[in-house]
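Chemist: Mind looking over this structure? Questions follow.
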Amino acid sequence: MSVVPGSIVCDRVRAQISLRLDGELSQLESRMLESHLARCAECSMYDTRVGAVTAELRAAPLESLEHPIVIRRPRRQVSLARVQIGVAAALAVAVLGAISQIGAPGTEPALVSPDRYATYTQLTREVEQIIADGRAFSQRRGDALPL
Ligand SMILES: [Zn+2]
């Protein structure tokens, strides 16, 4: 006696009927399918009807179209803003990396170009602001920031 409800088994069998019509059922699966069809009148009727419809469709002549159907694939576009954010982030990382090589740990080194950023902390703050602005811009646009 089976513990699986009949409807679940019948659903699976009907999916297998479709697979068999496409030649995608193994020999064992075909035997199991035939065994179920011999016991289940509803699935057997389903098999007969689906088989008849499939045979009719496959026997029907192919229709030719008056105009060919052309499906164009959209080109992937990279927005300029996204590229600019990526470049700004890469520059920020490069500058921070270069500065971290110059300064000793625990000290506040003076920068080579003190006209704009007097200290490492000011430059770090500026870089963090650039990255935050880029993230805010990406979130407004719905893009993911490539960081
Ligand atoms: Zn059944």
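The values are calculated or read from the model by the stated rules, or taken from the named source; none is laboratory data. All figures in this text were calculated on a predicted structure; none of them were measured in a lab.
Chemist: Quick one: which residue in 94, 81 is at pLDDT 80 or above, in a helix (DSSP H, G or I) and within 36 Å of the chain's Cα centre (by Cα)? Walk me through it before giving the result.
Modeler: Numbers: 81 fails: at pLDDT 80 or above.
Only one candidate passes the filter, namely 94.
Chemist: Separate question: In segment 97-125, how many residues are at pLDDT below 65 and not in a loop (DSSP other than H, G, I, E, B)?
Modeler: Qualifying residue count, segment 97-125: 1.
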